[in-house]
1. For 178, 66, what's the fewest-to-most ordering of other Cβ within 10 Å of each Cβ?
2. Going by a ≥ b ≥ c, the root eigenvalues of the Cα gyration tensor, does the chain fall in the rounded group (a/c under 1.5), the prolate group (a/b larger than b/c) or the oblate group?
3. Just to verify a number: FRET efficiency for residue 210 and residue 267, C-beta to C-beta distance, R0 = 25 Å, to 0.05?
4. Could you please state, rounded to a whole Å, how far the C-alpha centre of the range 168-197 is from the C-alpha centre of the range 106-129?
5. Counting other C-beta atoms within 10 Å, which of 47, 204, 117 has the fewest, and how do the rest follow?
6. Does the range 48-141 come out rounded, prolate or oblate, given a ≥ b ≥ c as the square roots of the eigenvalues of its C-alpha gyration tensor, rounded meaning a/c under 1.5 and, failing that, prolate meaning a/b above b/c?
7. Helix 256-273 sits at what angle to the longest principal axis of the chain, using alpha carbons and giving 0 to 90 degrees rounded to 10?
8. Counting helices only, and only those DSSP H runs with n ≥ 4, report the 222 nm mean residue ellipticity of the chain as the sum of -39,500 (n - 2.57) divided by its residues, in deg cm²/dmol to the nearest 500.
């Protein structure tokens, strides 16, 4: 009669099986990562030969072998970089960069790639809403970033591009509150005036634009603010004041021809009004 294994024997047998399975899994994973590493080297060779499409295909296969491995994470970044830089496939680059950020264990690496994501949305895809979301994520990832003023400014620009002028204004005001000495302060003040102009609130826009000239008299945006102030005055039918403002900047504004054109147009309107 066969003796049935007791509980202890069964537990030991199961433990042995699990240990063997774990060892097999680790060996398989190591082999897979080694193959992935070889594929990354193949992709680098293709990039060196300017065979970017082939490099991208190799990197895609490398990721597919074991998508959650550390080597796959490296491959995701390389793939995104090739798609962005050489293939101009910005949607593909964004997809792989986002996957990289989700898998990266190095916070600094994730932060740097998130910057690329935000820049792509802002500069390439024409999707201001996604750009706003991406830059807000950057600020949450590194609240004390030295680039925080730029991120905040681009949030404002994202809202401006979406014609959400009140939200844009709030973003610019937040920049001034948190980064009063930023090199973007003059432009932020100008853009606040510009949001009022876009809303047709010319009288309030005039007051906002005065802050640019008052706080940043040497900035290029001081001249821009004076030009926009003159346009506000035109809309308010204050032609003599508009003409005087245009004439005060004609020697400093570039291109000068634009100011000269406005001077002629305002002069004509003044004559008709008499």
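Just so it is clear, none of the values below were taken in a lab; they were calculated from the coordinates. It should be emphasised that the depicted structure is a prediction, and the values quoted were computed from it without experimental measurement. In this analysis, Cβ positions are derived from the backbone assuming ideal geometry, glycine residues included, and neighbour counts consider all displayed protein chains.
1. Lowest count first: 178, 66.
2. prolate
3. 0.55
4. 22
5. 204, 47, 117
6. Taking the square roots of the gyration eigenvalues as a ≥ b ≥ c, the range 48-141 is oblate.
7. The answer is roughly 50 degrees.
8. That calculation yields -25500 deg cm²/dmol at 222 nm.
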